[in-house]
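Quick notes on the structure that follows.
The values are calculated or read from the model by the stated rules, or taken from the named source; none is laboratory data. Just so it is clear, the model here is predicted, and its values are computed rather than measured. We place every Cβ from the backbone using ideal geometry, glycine too, and count neighbours over all the protein chains shown. Surface accessibility is based on the protein's heavy atoms, side chains included, excluding ligands, DNA and RNA. Shrake-Rupley method; radii C 1.70, N 1.55, O 1.52, S 1.80 Å.
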Amino acid sequence: MKNFLLKSMSIVFFLLLVGCQLNTITTNNATKGFSEPGSSDWVAYMKPIREYMYYRTQAVINKDIDILWAKYPEIKNDRDFEKGINVEKDELDSLNMGFELIDANYDIEAYEPIKVKTISEEEVVALVHASIVYLSNDFEESGGEYLIEISLVKEEDQWTVVKTDEYTMPEYKEWLEE
């Protein structure tokens, strides 16, 4: 009987520790201002994010960044490779070196649900932990995990992408430590 009680108490203690750890992770994300949106907001934000991912992958597959920039002219400006700001053109160039890409798949919430930071009623930043996988004509895959902050602005009751900020490797490592 003592062994049963001791084991039971150990399990309860362990579960409490795990629960506290998960709560700490949530608190760290909350301090950065990101939280999971409610269901109606989730729907409103997912549509422009999904549309952005579609145009992004189409630009890479077709080797034509203007496909993306025609839809989102704001991300053509203020590009900064070192900071990961609006770097879609760099991805297009690197993925198309020596490859003939024929298809792409993306999963916006591959690693976790989107989180949103509200800047104002007309501006939010979505934290997207996604995957993008490109298929080449020899059926090899390229791509992988992406952690991106996507800035959305509300124009005429529609959200649109105005800036992207992909986490660089140092930023990603720092994010993991939080």
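Are any residues in the range 94-112 surrounded by 13 or more Cβ atoms within 10 Å (Cβ to Cβ), over 14 Å from the mean Cα position of the chain (by Cα) and under 20 Å from Thr168 (Cβ atoms), and if so, which ones?
The one that is surrounded by 13 or more Cβ atoms within 10 Å (Cβ to Cβ), over 14 Å from the mean Cα position of the chain (by Cα) and under 20 Å from Thr168 (Cβ atoms): Leu95.
Just one of the numbered conditions (1) in contact with a Ser or Thr (Cβ under 7 Å, 6 or more places away or on another chain); (2) at pLDDT below 95; (3) crowded, with 17+ Cβ neighbours inside 10 Å is not true of Ile132; which one?
(2)
Mind telling me which of the residues Glu145, Glu112 ends up being part of a strand (DSSP E or B) and of a type outside the set (Val, Ile, Thr)?
Unique residue meeting the criteria: Glu145.
Those residues that are surrounded by fewer than 17 Cβ atoms within 10 Å (Cβ to Cβ) and either under 18 Å from Val153 (Cβ atoms) or modelled with pLDDT of 95 or more (or both), I need them from the range 71-84; list them, please.
Pro73, Glu74, Lys76, Asn77, Asp78
How about the range 105-121: which of its residues are touching a Lys or Arg at 6+ places or on another chain (Cβ under 9 Å) and more than 18 Å from Gly38 (Cβ to Cβ)?
Answer for the range 105-121, where residues must be touching a Lys or Arg at 6+ places or on another chain (Cβ under 9 Å) and more than 18 Å from Gly38 (Cβ to Cβ): just Tyr106.
For the range 138-162, name all the residues that are among the acidic types (Asp, Glu) and either under 26 Å from Ser120 (Cβ atoms) or open to solvent by less than 90 Å² (accessible area, probe 1.4 Å) (or both).
Once the filter is applied, which keeps residues that are among the acidic types (Asp, Glu) and either under 26 Å from Ser120 (Cβ atoms) or open to solvent by less than 90 Å² (accessible area, probe 1.4 Å) (or both), the range 138-162 yields Glu145, Glu149, Glu155, Glu156, Asp157.
What do you reckon, is Lys83 within 22 Å of Trp42 (Cβ to Cβ) and under 17 Å from the mean Cα position of the chain (by Cα)?
Criteria not met by Lys83.
Every residue, every condition in (1) open to solvent by less than 60 Å² (accessible area, probe 1.4 Å); (2) outside any helix (DSSP H, G or I), yes or no:
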{"site": "Gly33", "(1), (2)": "yes, yes"}
{"site": "Pro37", "(1), (2)": "yes, yes"}
{"site": "Ser40", "(1), (2)": "no, no"}
{"site": "Val43", "(1), (2)": "no, no"}
{"site": "Met46", "(1), (2)": "yes, no"}
{"site": "Arg50", "(1), (2)": "no, no"}
{"site": "Tyr55", "(1), (2)": "no, no"}
{"site": "Trp69", "(1), (2)": "yes, no"}
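Please tell me if Lys89 is open to solvent by 60 Å² or more (accessible area, probe 1.4 Å) and either in contact (Cβ under 8 Å) with a residue 40 or more places away in the chain or out of contact with any Leu (no Cβ under 7 Å at 6 or more places or on another chain) (or both).
No; evaluated as a whole, the condition is false for this residue.
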